[in-house]
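Here's the structure we're looking at; comments come further down.
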Amino acid sequence: MSKTSKQHKEQLAQKKINFAIYICSTSRYNQLKEKGGVIISDEGGEIIQKLIQTAGHIVLYKKILADDKALIVEAFEDSLARWDLDVTIFSGGTGIAPADVTIEAVLPLLEKTLPGFGELFRHISYSEIGSATMLSRAIAGVAGGKVFFCIPGSPNAVKTAVEKLVLPEVPHIIKHIRE
């Protein structure tokens, strides 16, 4: 790590960062509707929230969405409009099944992408799941002075992404996009 990068991380390490979490899962969304809005369990989302809070940051809100491009675009735009929000994580819908549309919804809305995020995520995941990691289309980017991550929804994938990539680097990313 360069001296400048290390200094940036140290300077920003104490800042509390505000996160939004969107779980993109039609099955979870339908369960939520069937239960009249009653909170349902989502292990991946719970892991993301716990890791963020354990790191001393704030989860402003967490919401379950169907795998629907219009709903995901609306969530992205809501995130842009929130003055108090720094980072949005979309979890789920990053695979190659026809219903997986998170990437198609988010990618066109990003001002700049961070290709290294997806590359590193797949590199780290390869040691855990082998060649199946090529099926993940995890991405990250920035828009409107905010950071956006699209990660798979499985518990192991969210732990890998948030613990090893998002939390260590997000203060540094925020510093640069707001300079």
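Some points to look at:
- For Q31, the conditions (1) in contact with a strand residue (DSSP E or B) (Cβ under 6 Å, 6 or more places away or on another chain); (2) free of Cβ contacts under 8 Å to residues at least 24 places away in the same chain are fulfilled apart from (1).
- Helices (runs of 4 or more DSSP H) contained in the range 14-103 and holding at least 1 residues open to solvent by 20 Å² or more (accessible area, probe 1.4 Å), out of contact with any Asp or Glu (no Cβ under 9 Å at 6 or more places or on another chain) and among the β-branched types (V, I, T): 43-54, 69-81
Condition check ((1) within 19 Å of D67 (Cβ to Cβ); (2) of a type in the set (S, T, Y)) across all residues:
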residue	(1), (2)
Y126	no, yes
S131	no, yes
M134	no, no
R137	yes, no
F148	yes, no
S154	yes, yes
A161	yes, no
L165	no, no
K175	no, no
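- Considering the conditions (1) open to solvent by 40 Å² or more (accessible area, probe 1.4 Å); (2) assigned to a loop (DSSP other than H, G, I, E, B); (3) of a type in the set (D, E), E119 is excluded by exactly one of them, (2).
- Qualifying positions in the range 148-159 - of a type in the set (S, T, Y) and open to solvent by less than 10 Å² (accessible area, probe 1.4 Å): none
- Residue in the range 137-154 that is assigned to a helix (DSSP H, G or I) and under 15 Å from G93 (Cα atoms) present: no
The values are calculated or read from the model by the stated rules, or taken from the named source; none is laboratory data. Small disclaimer: the values here were computed from a predicted structure and weren't measured. Cβ coordinates were reconstructed from backbone atoms using ideal geometry, including for glycine residues, and neighbour counts include every protein chain displayed. With ligands, DNA and RNA removed, areas are computed over all heavy atoms of the protein, side chains included. Shrake-Rupley method; radii C 1.70, N 1.55, O 1.52, S 1.80 Å.
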